[in-house]
Amino acid sequence: MAEFEVDVPLWRSENGSWVFGSLPFDVADEIDDVTRGRQGGFGSVRVEVTLGPTTWRTSLFPDKGRETFVLPVKKAVRTAAGVDAGDVVRVHLRLVDV
C-alpha cells in the first residue's frame, strides 16, 4: 500500500468556495504510475489523508492545467488544523482501494 508524507500548498478555487492542495509533481507521477488503470471517475484516486488532528477519506483529482493531482480540503479540516489558502501544510496520504 502506497503512503506519502508531503508538503502541499493550499489555494482557493476561482469561485472561492473550495480550497485545494496541489501535490508535488514527483508524488503525483508516482501515484499515477501506481493507480493507472484503476482510477475512478474523472481519473480520481481514493486516499486517506491526515492533516493536523484530522484523518478523513476523500479523492485526489487530476488537474491537467497544473499537471498534478489536487486534494480538496474541506473547511472543517482547515479549521481544526488552523490553516487556510496560502498556507503550505504537511499531509500524510495513503492510497486506498488500490
Treat each spin label as a single point 7 Å out from the Cα along the C-beta direction, and report the residue 66 to residue 11 distance in nm. 0.6
Work out from phi, with θ = phi - 60° and the Karplus expression 6.51 cos²θ - 1.76 cosθ + 1.60, the ³J(HN,Hα) of each residue of region 19-31, listed in order in whole Hz, and give x for Gly and Pro. 10, 10, x, 9, 6, x, 4, 5, 5, 4, 4, 5, 4
In what order do 6, 49 fall by count of nearby beta-carbon atoms within 10 Å, going from fewest to most? 6, 49
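Only sites in a loop by DSSP and with at most 14 other Cβ atoms within 10 Å count here; which trypsin sites (Lys or Arg not before Pro) in the chain make the cut? Provide the component values of the computation, followed by the final result.
Details: sites: 12, 36, 38, 46, 57, 64, 66, 74, 75, 78, 90, 94; in loops: 36, 38, 64, 66, 74.
Listed in order of number, the matching sites are 36, 38, 64, 66, 74.
Tell me the mean residue ellipticity at 222 nm calculated for the chain from its helices only (DSSP H runs of n ≥ 4, each -39500 (n - 2.57), averaged over every residue, nearest 500). Can you show the working numbers first?
On the way: 2 runs with 18 residues, N = 98.
Theoretical 222 nm ellipticity from helices: -5000 deg cm²/dmol.
The numbers here are math on the coordinates, done by the rules we state, and not lab data. Given the structure is predicted, the values throughout are model-derived calculations rather than measurements. FYI the Cβ positions are ideal-geometry reconstructions off the backbone, even for glycines, and counts take in every protein chain you see.
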